[in-house]
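Since the structure comes first, as structure tokens, the remarks are kept for the end.
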Amino acid sequence: TAKLSPEKLLCQLRDRVNVTMIHGSDGPFNTSEWQMYLPRKNLSQEVGHFRQCAVVSSAGSLKFSHLGPEIDSHDAVLRFNGAPTIGFQNDVGEKTTVRLVNSQLVTVEEQKFLTDTLYNTGILIVWDPAPYHAEIHEWYRKPDYSFFVNYKAYRTRHPEQPFYILNPKMQWQLWDILQENSLEDIQPNPPSSGMLGIVIMMTLCDEVNVYEFLPSKRQTDICHYYQRYHDRACTMGAYHPLLFEKNLVKHINQGQNELIYTHGKVTLPGFRNMHC
Ligand code: NCC
């Protein structure tokens with residue numbers, strides 16, 4: 001269904017999606033108060049760059065996959081929200097280099113973001129749904145979730161752990177490309193954490209293997225590999241334009257189609273290795 005060739009689409013992603021983290025020099029964060037909380041180094045200064053990376057979706061189809069050792073063999077591993085490794089190492093591995101969380105998770109008390117030790121490993125990145133192509137100032141006044149309070153609280157408790165705020169411009173730059181390459185109108189909601197995480201890793205890595213974002217033969221209505229909850233919307237999308245994200249990722253896959261079926265695995269090139 002995509003309108004551009006895979007090569008052109010990859011170049012559009014590289015050239016139009018600006019993956020940056022909020023920095024102390026970005027207004028309205030350029031206050032002395034925010035300087036105490038925001039990381040001094042930007043993300044690539046902090047981590048350098050990786051050869052091979054894995055992005056691990058939270059899908060129920062990871063259960064019984066035995067992909068753990070393969071996932072851990074990567075130089076860096078990105079996970080989402082409250083996805084655990086303890087007790088699931090065999091299927092999802094145990095390495096966590098980056099964890100991308102949504103602002104709801106950071107804000108809502110029941111999610112235990114401030115106290116659950118799950119969050120204390122790796123580099124944290126939080127993102128929040130912003131109005132379509134809003135200026136940072138507009139978003140800052142009225143974020144979707146009021147996560148700044150807990151962001152600061154977490155930074156005070158764990159000052160040594162790198163913790164970034166994703167620049168909200170990225171979500172709509174990516175959404176525009178999803179819309180332009182779909183035949184239907186997409187719901188005007190930001191891409192899922194999954195899609196954002198894939199593009200973040202394409203900026204840091206030479207090669208990105210994504211696991212169970214495109215479902216394998218293990219596809220199931222079980223939402224997450226770590227819960228019993230059933231909901232087809234987890235795989236197909238409701239709020240997020242997940243189906244369109246998955247079509248786009250399928251289109252730019254450089255791995256064998258067979259590996260989607262057997263491993264739920266897609267291989268994408270890092271942006272630095274692309275020739276546009
Ligand atoms: O479920 P969630 O996503 O944390 O999953 C992370 C990413 O994995 C991919 N996924 C997940 C399940 C599945 N069956 N198939 C998949 O492809 C998706 O790409 C997904 O983004 C989110 O995107 O942030 C989301 O977060 C949850 C929830 O807020 C967090 O888990 C914290 O509890 C949302 N669920 C609800 O709000 C109830 C979900 O809609 C999106």
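Bear in mind these aren't lab numbers, they're just calculated from the coordinates by the rules spelled out. Keep in mind that this is a model prediction, so the values were computed, not measured. We place every Cβ from the backbone using ideal geometry, glycine too, and count neighbours over all the protein chains shown.
If you take the alpha carbon atoms of segment 5-47 and fit the smallest convex hull around them, that volume is 81 Å³ per residue. Taking amide H as placed 1.01 Å from N in the peptide plane, the amide H of Ala54 sits under 5 Å from that of Ala76, Val77, Leu78, Asn209, each at least 5 places away or on another chain. Only lysine pairs 8 or more places apart, or on different chains, with alpha-carbon atoms under 14 angstrom apart are counted in the chain, and they number 5. Comparing Cα centroids, segment 1-62 and segment 84-129 end up 17 angstrom apart.
Note that segment 125-276 carries a Kirkwood radius of 17.2 Å, evaluated over its alpha carbons pair by pair. Each Lys and Arg Cβ is given +1 and each Asp and Glu Cβ -1; about its Cα centre, the chain then shows a dipole of about 200 debye.
The phi-based Karplus calculation (6.51 cos²θ - 1.76 cosθ + 1.60; θ = phi - 60°) puts the 3J(HN,Hα) values of segment 35-43 at 4, 6, 9, 6, x, 6, 7, 7, 4 Hz, whole numbers, x for Gly and Pro. Each 10 Å bin from zero up to the one holding the largest Cα-Cα distance in the chain carries the following percent of pairs: 7, 30, 38, 21, 3, 0. Couplings for segment 145-155, taken from phi via the Karplus curve 6.51 cos²θ - 1.76 cosθ + 1.60 with θ = phi - 60°, read 10, 7, 7, 4, 4, 6, 4, 5, 4, 5, 5 Hz in order; Gly and Pro are left as x. Annotation for Gln104 and Gln89: the two label points, set 7 Å from Cα along the Cα-Cβ direction, are 3.2 nm apart. The Kirkwood hydrodynamic radius of segment 44-141, based on inverse pair distances between different Cα atoms, is 15.0 Å. Size check on segment 160-214: the Cα extents along the three principal axes, sorted descending, read 44, 24, 18 Å.
Shape class of segment 76-201 from the Cα gyration tensor (axes a ≥ b ≥ c, square roots of the eigenvalues): oblate, since a/c reaches 1.5 or more and a/b does not exceed b/c. The Arg16 and Val149 beta-carbon pair, evaluated with R₀ = 35 Å, returns a calculated FRET efficiency of approximately 0.60. Go through Ile200, Val98, Leu243 and say which Cα lies farthest out towards the positive end of the charge dipole of the chain; charges sit on Cβ, +1 for Lys and Arg, -1 for Asp and Glu. In the chain, that residue is Val98.
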